[in-house]
Amino acid sequence: MKSKKSAKVSAKTLIAQNATAQNATAQNATESAENTQALDYIGPPPADDLSAFTGPIVSEERSDGLVDAIPAMEGALEIQNHKHGDPGLNNSLTNGIQAEGIGGQYDVPTGGAASPMFGVLPFTQPFLRFEEFGPQKLDPTVSAGTVPFPLPTTGPAPYQDPISSTASAPETTVLDSFLAQAGIFPYPTEFSNTIDINPWTTAIEGFLERALDHAPMEGRPGGQGWAHQRWNEFFPQAYVKTLQGGARINGGIRNELQMHTYREGEFGPGGLYYLEGGTKGIEPRFHPGLPIQDHKSLWTWDGTFPLKLLMARVGEPLVLRHYNALPIDPTANRGIGMHTISTHEHNGHNPAESDGFANAFFFPGQYYDYRWPMQIAGYDTINTTAKDPKASYACAPGETLYVNDLNPGMKTCENGLINIRGDHREIMSTHWFHDHMFDFTAQNVYKGNAAMMNYYSGKDRGNESVHDGVNLAFPSGDAMAWGNRDYDVNLVVSDKAFDSEGQLWFNIFNLDGFIGDVLTANYLYNPVMEVRARSYRFRILNGSVSRYFKLALVEEVAGRTTGEIEGAVGQDVSWNRVPFHMIANDGNILEHAIAFDGKTDLDGDGDRLEHKGTLPQQSIAERYDIIVDFADHNLQPGSKLFFVNLLEHRNGKIVEGNVPLEQVLREEYKAVLEVKDGVATWGEGDPVVGKFMQLDVI
Ligand SMILES: [Cu+2]
């Protein structure tokens, strides 16, 4: 990224000034602006820099040098005596079932027995909304807590290892006190913090039985090549502190960081999504009747449930400080996943050093500062004067933002907006970020390293009541200026499998793609969500690692012949397809909403009905944003709906095809448990085809 603009100023300086002089106006800030062309280095690392380009340069003629190169995974796998640990050592393959599968037509889960469900019935647990990380203003005047990242200690299972601290995690309340400290320390820097030392160094040295040469606190590689590009221009104005960690109980430390603070709108007392005590006490399990996940089985953001959501704003550069609290011992993983991680913000326009490059992984005890500029594409060439209000930052009265327009400086929120540079048609909406570890992305994402990210902007405000010609007023709520989630629902759909003890299981020996036999919504098995009789936005992410979906929405009505899809003989219910509109795909808001109402033949194959209430195929990592009106289509309080998956897989290699909606609902297509040689396996169908989430209109 190279700036074409000459009149740049230092956001860092301005923010510091603004913070120390609360009454500093945009005019003052502009007057004290300094030219940052000299501050932001553009170009390759100098020859004497730590990160200067050295090769080997890869080409057919020059590939010999790679043969003797150190393997990319070298450090990640190291155990005692410079040996490599086997990260699959503790995988719980059940009953001797091997990588080649069970030989059945439906190899689901891949090469494994059917997941035990411990007698849990479908649609018997409430849905959980995502929990917000809650970005905070980056403010140099805040006196930040300086307690270092706590060390792993032994403790009781399932949240710690009782015997070995290097196979364990820091104690949960100690971790929470660490995360809850004010501010951010050490303060984020342009160059990687390779001066401070990884606070886990002594423990790591004890485990490796050798001294570490140098173990920096930050995992981002050092030198100019890994310094944050255009740092002064896109100086972070907000930050998030979080960690990747083994499963533990949610301590509720983010309750007050939720925008709604459990006081506003449907998240407030009496609202549909209010939680008494917030998220405090929520256990890491897929259903209250399924086992609590062990800290070695499930590695989520914060280590907790619910899954996490980053509410970020277009125009506001952000630092995500990501700590690695995973076990020092690479085999303390129940045979799934790698304890070194790298974080990729999927579809984001981010510079390479903050893009989750697969080999730029970081180690237990370290952090990595990802700096995401959050600018609109076209920043350098289109609307550089920031005159177009459609390209704007969403804000509340009194908020300020540094903007690098013709008159650079701190700008104050006016009518819910601050204009910024760039092409408004490029504004993004629904993203996610996830692990990108070399060779281990699938396992680590499966194991919980996946979070969602909503981009808020003038156009996509998260406030449905502002009609200013800019805001698209998508269903959301209006209790707050922006970022209302009352009727704006993040929904990650992903398939999982469990071993005989009910712990998360993945077949690491089959490299053709792993599919699970339990479909989850926000990592919950068959949850029930209550909705109002009104419009909702669903931001649906396919969070699987090898499985595609085709999702439909139906209403279930009493009477075998009442609905447009008749029930089978013996069923006393029938179904109606529920129309909706698609408004965004893969983080891009569509120019026009697309109606999936059966009136248009969207793919021109002569069949209109197939699009009524049914989405196109949804690939891995793909996002569809849809709007459903639970007050239309004869829906009303008391109506009961289901999300249904119609796409069949028989293995992780390839999609088999669509199963007709009628056959799924009538259970003419239905996976059946069969016991072969004492092992429960699936026959006659893919168990992930079918209903997976219930919606009750209240
Ligand atoms: Cu991705």
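General observations
- Residues Thr562 and Gln80, FRET efficiency given R0 of 51 Å [Cβ-Cβ distance, rounded to 0.05]: 0.15
- In the frame of its principal axes, the chain has Cα extents of 78, 66, 56 Å, reported largest first.
- Approximate spin-label separation Lys137-Val675, in nm, with each point projected 7 Å along Cα-to-Cβ: 6.5
- Solvent-free Debye calculation, one equal scatterer per alpha-carbon of the stretch 493-697: log10 I(q)/I(0) at 0.10, 0.17 Å⁻¹ equals -0.44, -1.27.
- Straightening the chain between Asp439 and Ile195 buys 84.9 nm, computed as 0.36 nm per residue apart minus the Cα-Cα spacing.
- HN-Hα J in Hz across the stretch 434-451 - Karplus 6.51, -1.76, 1.60, θ = phi - 60°, x for Gly and Pro: 7, 5, 9, 4, 3, 6, 10, 4, 4, 4, 5, 5, 4, 7, x, 7, 8, 9
- The slack in the chain from Lys599 to Asn90, taken as 0.36 nm per residue of separation less the alpha-carbon distance, amounts to 177.9 nm.
- Low-density loop positions, trypsin sites (Lys or Arg not before Pro), the stretch 128-227 - DSSP coil, at most 16 other Cβ in 10 Å: Arg210
- The lysine pair tally for the stretch 493-697, using Cα distances under 14 Å and a gap of 8 or more places or different chains, is 5.
- Under Karplus coefficients 6.51, -1.76 and 1.60, residue-wise ³J(HN,Hα) of the stretch 329-340 in Hz, glycine/proline x: 7, x, 9, 8, 9, 6, x, 9, x, 10, 6, 9
- Only the Cβ atoms of Lys and Arg (+1) and of Asp and Glu (-1) were treated as charged; on that basis the dipole of the chain about its Cα centre amounts to roughly 1260 debye.
- Share antiparallel - DSSP beta bridges, the chain, percent rounded to 5: 75
- Per-pair calculated FRET efficiency, R0 = 45 Å: Thr261 and Asp572 via Cβ, rounded to 0.05: 0.50
- Size of the stretch 539-607 from its Cα atoms: along the principal axes, largest to smallest, the extents are 44, 32, 22 Å.
- Label sites at Glu209 and Thr54, each approximated as a point 7 angstrom past Cα along Cα to Cβ, lie 3.0 nm apart.
- Here the mean projected area of the convex hull built on the C-alpha positions of the stretch 215-336 is 10.6 nm².
- As a rough guide to protection, the peptides 195-203, 293-301 ranked by mean Cβ packing within 10 Å, highest first, stand as 293-301, 195-203.
- Per-residue Cβ neighbour counts within 10 Å put Ser574, Ser535 in the sequence Ser535, Ser574, beginning with the fewest.
- In summary, no helical segment of the chain meets the span-like criteria, namely a full DSSP H run, a Cα extent along the axis of 18 angstrom or more and a mean Kyte-Doolittle hydropathy of at least -1.0.
- Segments 589-601, 422-434 sorted - mean Cβ within 10 Å per residue, highest first: 422-434, 589-601
None of the figures in this text is laboratory data; all of them are computed from the coordinates on show. Worth saying up front: this structure is predicted, and the values here are computed from it rather than measured. Heads up, the Cβs are rebuilt from the backbone with ideal geometry, glycines too, and the neighbour counts pull from every protein chain shown.
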